[in-house]
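All remarks here apply to the structure that follows.
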Amino acid sequence: MREEEMKELIVKILQEAQTTTSPAKEFGVFETVEEAIHAAKFAQECYENQTLETRRKVIEAIRCGMRPHIEKIACDTLEETGMGRYEDKLQKLQLVLDKTPGVEDLRTEALTGDNGMTLYELSPYGVIGAVTPSTNPAETVICNAIGMLAAGNAIYFSVHPGAKKISRWVVSKLNEFVYEACGIQNLIVTIAEPSIEAAQEMMVHPDVPLLAITGGPGVVRQALKSGKKVIAAGEGNPPSLVDETANIEKAAKDIVIGASFDNNILCTAEKSVVVVEQVADYLILQMEKQGAYLVQDEAVIQKMVDMTIMENGAPSRKFIGKDANYILAEAGIKVDFDVRVIILRADKIHPFVVKEMLMPILPVVTVKDFDEGLTTALQIENRRHHTATMHSQNVGRMNLAAKKFQTSIFVKNGSSFAGLGFGGEGPTTFTIATPTGECTTSARDFARKRRCVLTDGFSIR
């Protein structure tokens, strides 16, 4: 039997095996972790025998198929999670469909010489276990699905319980489009009722060789203990450093846009501003012109601290991702315009500065000069190596800051969102691997690198 015929037979057998699996109520949605991973493993074994052109068709089917549904996804996400802004969620969804890399990201490397040729190729891991957050649930599922399927894998999504309905719907819908494109079901799976216990079961499952974790420090630590290869996207607390040479009007606009986007629930968003005192007042004035609201009453600031930070020191879920007007109203301030972000003056150890609040509250820390500003910003970032932004016209200072921060994303003279490809060059991702160092992930990060050597041939120089 020829190799092509053997492959066709394997595909047929595996497709028939899929149809004998107990059907889920929704495409790709199962009752147990074991059932879901078992189905995904069958699907992946079928999928890895397909051509790269088939993978391209799958990715294109996702892009085209999901596009008409982004309004529904944005609305349902906001309704279920209660976080963010509808119009901003639309832009995030459009971004992942347009700028998440597919098969084109899998580039072959070749070395030739007197001793022949060596190829470095990228091949699938198998079933990837992916943990997704409640802050960007649909965006992360879609973005990861494109990259992981492009690399030839299947995916088990361990979704956040706080966004289980929209995540389940997206998984089911993605399966429809993938099946239409390649005839394989269950390349993307999840369970109907996610839980911490289910996530832990997935992390140690023998048929899951790679974990991709987008979440807080707790789940990242748990994954790193699994003994598997882990791509981990951890917490961030991005500062924005502004010196006296910056274009202050533009800096103010960029910072307000970035810090207020989807009510600050993006881990890349500006969480604080460190500004040289020479331009601090003018920066605050310009931020107010861009829709920021300055709170100066210390009693009101303390009330905001008391109501947004719980006794255990964690941000209150009641206010995470909520509109600035809602937070102000709860603090006793009524404002008759749409406030994008709340700003206040603070010192570098203020709770709003040192904690990742995930709310449209932006503390402004004033420093005497750039050197103090860089030192302060580094203390705030606290070696999370996630994201930082800077506004300056001094190239030497920007170069020094880039070396000192060592963040996965460093944006100069732009909004933080430019680091994800929105208003900035490059592809997008919603899994930014900071603890494990992959940076902004794409299809190549979800593929195993293999070295293939042919001696004494194919060097024709």
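Among the listed residues Leu149, Leu174, Leu119, identify the single one that is touching a residue at least 60 places away in the same chain (Cβ under 8 Å), surrounded by fewer than 20 Cβ atoms within 10 Å (Cβ to Cβ) and among the aliphatic types (A, V, I, L, M).
None of the others qualify; the one that does is Leu119.
Kindly list the number of the only condition in (1) surrounded by fewer than 24 Cβ atoms within 10 Å (Cβ to Cβ); (2) among the β-branched types (Val, Ile, Thr); (3) farther than 22 Å from Ile37 by Cα that fails for Thr100.
In the conditions (1) surrounded by fewer than 24 Cβ atoms within 10 Å (Cβ to Cβ); (2) among the β-branched types (Val, Ile, Thr); (3) farther than 22 Å from Ile37 by Cα, Thr100 misses (1) alone.
Quick check on this structure: which one of Thr389, Thr376 is on the phi < 0 side of the Ramachandran plot, surrounded by fewer than 23 Cβ atoms within 10 Å (Cβ to Cβ) and of a type in the set (S, T, N, Q)?
Thr376
Working only within region 320-361, note down all residues that are open to solvent by 30 Å² or more (accessible area, probe 1.4 Å), more than 15 Å from Gly84 (Cβ to Cβ), of a type outside the set (D, E, K, R) and in a helix (DSSP H, G or I).
Correct list: Ala329, Pro351, Val354.
The conditions are (1) more than 20 Å from Val33 (Cα to Cα); (2) touching a residue at least 40 places away in the same chain (Cβ under 8 Å), and Arg221 fails exactly one of them. Which is it?
The failed condition is (2).
Residue by residue, here is whether (1) closer than 16 Å to Val276 by Cα; (2) within 22 Å of the chain's Cα centre (by Cα) holds:
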residue: Leu328; (1), (2): no, no
residue: Ala346; (1), (2): yes, no
residue: Ile349; (1), (2): no, no
residue: Ala377; (1), (2): yes, no
residue: Ala388; (1), (2): no, yes
residue: Ala402; (1), (2): no, yes
residue: Gln406; (1), (2): no, yes
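Any chance you could count how many residues in region 271-304 are over 28 Å from Val411 (Cα atoms) and either assigned to a strand (DSSP E or B) or open to solvent by 20 Å² or more (accessible area, probe 1.4 Å) (or both)?
Residues that pass the stated criteria total 7.
Considering region 294-310 alone, what residues qualify as being over 15 Å from Ala329 (Cα atoms) and among the aliphatic types (A, V, I, L, M)? Please lay out each step first, then the result.
Taking region 294-310 and keeping what is over 15 Å from Ala329 (Cα atoms), we get 296, 298, 309-310.
Ile309, Met310, listed by residue number.
So which of Gly113, Gly84 ends up being open to solvent by less than 40 Å² (accessible area, probe 1.4 Å) and either closer than 24 Å to Ile257 by Cα or in contact with a Pro (Cβ under 6 Å, 6 or more places away or on another chain) (or both)?
On inspection, the qualifying residue turns out to be Gly84.
In region 237-256, which residues are open to solvent by less than 10 Å² (accessible area, probe 1.4 Å) and either part of a loop (DSSP other than H, G, I, E, B) or among the small types (Gly, Ala, Ser) (or both)?
Asn237, Pro238, Ser240, Asp243, Ala251, Ala252
Looking only at region 122-141, count how many residues are surrounded by fewer than 24 Cβ atoms within 10 Å (Cβ to Cβ) and among the aliphatic types (A, V, I, L, M).
Adding up the residues that qualify gives 1.
Give the residue that is farthest from the chain's Cα centre (by Cα), with candidates limited to residues of region 206-236 that are part of a loop (DSSP other than H, G, I, E, B) and surrounded by 20 or more Cβ atoms within 10 Å (Cβ to Cβ).
Only one residue tops the list, namely Val208.
Give the residues of region 399-448 that are farther than 13 Å from Asp105 by Cβ, in a helix (DSSP H, G or I), in contact (Cβ under 8 Å) with a residue 40 or more places away in the chain and aromatic (Phe, Trp, Tyr), sorted by residue number.
Phe417
How about region 154-170: which of its residues are closer than 16 Å to Ile62 by Cα and surrounded by 24 or more Cβ atoms within 10 Å (Cβ to Cβ)?
Those that are closer than 16 Å to Ile62 by Cα and surrounded by 24 or more Cβ atoms within 10 Å (Cβ to Cβ): Ala154, Ile155, Ser167, Val170.
I want to confirm something. Restricting to region 41-76 and keeping residues that are of a type in the set (Lys, Arg) and in contact (Cβ under 8 Å) with a residue 40 or more places away in the chain, which single residue is surrounded by the fewest Cβ atoms within 10 Å (Cβ to Cβ)?
Only one residue fits best here, namely Arg56.
If the requirement is being open to solvent by less than 20 Å² (accessible area, probe 1.4 Å) and either out of contact with any helix residue (DSSP H, G or I) (no Cβ under 9 Å at 6 or more places or on another chain) or touching a residue at least 24 places away in the same chain (Cβ under 8 Å) (or both), which of these qualifies: Ala181, Ala259?
Ala259
The values are calculated or read from the model by the stated rules, or taken from the named source; none is laboratory data. Being a predicted model, the structure only gives us computed values, none of them experimental. Methodologically, a virtual Cβ is constructed for each residue, glycine included, from the backbone with ideal geometry; neighbour enumeration extends over all protein chains shown. Calculation scope for accessible area: heavy atoms of the full protein, side chains included, ligands and nucleic acids excluded. Shrake-Rupley method; radii C 1.70, N 1.55, O 1.52, S 1.80 Å.
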